[in-house]
1. Can you list the HN-Hα couplings for the range 319-326, worked out from phi with the Karplus curve (6.51, -1.76, 1.60; θ = phi - 60°), rounded to whole Hz and with x for Gly and Pro?
2. Can I get the semi-axes of the range 149-241's equivalent ellipsoid? Compute them from the C-alpha gyration tensor as square roots of 5 times the eigenvalues, in angstrom, largest first.
3. Using a 7 Å offset from the Cα along the Cα-to-Cβ direction at both ALA138 and ASP229, what is the distance between the two label points in nm, to one decimal?
4. Would you kindly state how much longer the chain becomes between PHE208 and GLU265 on full extension, computed as 0.36 nm times their sequence separation minus their alpha carbon distance, in nm to one decimal?
5. List the relative contact order of the range 231-357 as a percent without decimals, with contacts defined as Cα pairs under 8 Å and 6+ residues apart.
6. For the chain, with a Gaussian network of springs between Cα atoms less than 10 Å apart, report the residue from GLY160, GLY104, GLY168 with the top mean-square fluctuation.
7. Pull out a ≥ b ≥ c, the square roots of the eigenvalues of the alpha-carbon gyration tensor of the range 285-361, then state rounded if a/c is under 1.5, prolate if not and a/b is larger than b/c, and oblate in the remaining case.
8. What number, rounded to the nearest 500 deg cm²/dmol, is the helix-based mean residue ellipticity at 222 nm of the chain, given -39500 (n - 2.57) per DSSP H run of at least four residues and division by all its residues?
Amino acid sequence: MTRRQIRGLGAAVLVSAFLTACGSEDPEGPDPRASTTTRSAPAVAFGEPETVADGLDAPWSIAFHGRTPLVSERDSARILEVDGSGITREMGVVDGVSPRGEGGLLGIALHENRLYVYLTANGENRIERFDITGDPGALGLGPAETILDGLASANYHNGGRIAFGPDGMLYATVGDAGSRDRAQDLDSMSGKILRMTPDGGVPQDNPFAGSRVYSYGHRNSQGIAWAEDGTMYASEFGQDTWDELNEIEAGGNYGWPEVEGIAGEDGFIDPLQQWSPDDASPSGIAIHDGTIYIANLRGERLRVVPLTDLATADEHFVDTYGRLRDVALAPDGSLWILTNNTDGRGDPNPGDDRIIRVPLR
C-alpha cells in the first residue's frame, strides 16, 4: 500500500492534498498547468527496494567514502557514517551551522580523503572541508578549513549542492537567497553555479576571468551531475510555474528572473524539461549508464530521464516514500535514495527518514 493510500479516503485525502500543496519547498503555490514532458516507456528496470537505514533527522545529502556511505543532517549538523548493517554512528558535528528555513548543513562531497560541506552559518553560506580520520566504523573529522565564504543566505533559496566534476574541479549551486536580480549580476555569486579548484581558487579556464561563476540566471538549483561524455546537467526549483532540468554550458545564462521555464528568448538557455512544482520540486540527481535520476520533494517521486531522449521521462515510487531529497549511485551499482519527510514539510511515517536501496537490473 502506498503512502497516499495509507492516508485514508474521502475528506482525509482532501486535507492531506491541501497540506502537501501548502508545505512546498518554496512558499509560493504551484501553477496548475501540466508538465511539458512526454512520458517514456520505462528505460530501466529496478529490483526490489529495501530500507538500508532509518531514523534519520532531516537528512540532506549522501556521498560515499570508498564503500562507506556518509549522510548530512540539515538541522542537527551531524555527519553520519552508515555501516554494512545499516547502523548509523555520528562521525562528527559541523560547528557554526545555523539552521533556519531551508538552510543548515546541506550538500557534501568527497575528494582525496577530505569531506567538503556546504553549510548555512550566521549571515552567510560557506563551503568548508575536513580531513577524514580513522577507518570505516570509526571515521572522524579533522579541523575545519574554509574554502569559500560570504555566500548570501536566507530562509529560502540557499542552493547547497556540491560535487566534483570529471575535471577535478569543485562545483557548487548557490541560490538567489531571495534577491532575484542577483541571479543576473555577474559580480554576485547568488543565483549561480560556481566552479572552483579543490582549494577554492578560480580556475584559469573559467568562462569569466577572475570569477568562480560558471553559469548564471539560476533561482535555486539543488542537483548537479555529469554524463559519461562529460556533459553537465542540473535540476532547478522554479517559482510557481516551472521547475527545470537544464544542460549546463560554461558561461550560460538560464534566464531567472527574466524568464522561467521554456521561453524561446534570445540570450537565455531553455531547459530540456519543465514540470509543475506540484509534480516535481527536484533536488538531488545522479547519472548512470545513460540515464538521469532525479529525486523530487513535493512531487514525491523518482523521475527517470534517458539521455538518448531528453524530452521524455518515466516516474517511479510515486507517493510511496514521501519527499525524496537526494539520489546517489552506490559502489555496488545500486541507487541509494534519501527521503526527506522530517524537515517540517513532510508527512513522516514511523521510521522516517530513511535510506532506500534500489538495485538496477
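The values are calculated or read from the model by the stated rules, or taken from the named source; none is laboratory data. Here the structure is a predicted model, which is why all the values come from computation and not from measurement. Cβ: placed from backbone, ideal geometry, glycine included. Neighbour counts: every protein chain shown. Keep in mind that these areas ignore ligands, DNA and RNA; they rest on the heavy atoms of the full protein, side chains included. Shrake-Rupley method; radii C 1.70, N 1.55, O 1.52, S 1.80 Å.
1. My calculation for the range 319-326 gives 6, 8, 10, x, 5, 10, 9, 8 Hz in order.
2. Values for the range 149-241, descending: 21, 16, 11 Å.
3. 4.8
4. 18.3 nm
5. Computed over the range 231-357, the figure is 16 percent.
6. Looking only at GLY160, GLY104, GLY168, the largest GNM fluctuation is found for GLY168.
7. oblate
8. -1000 deg cm²/dmol
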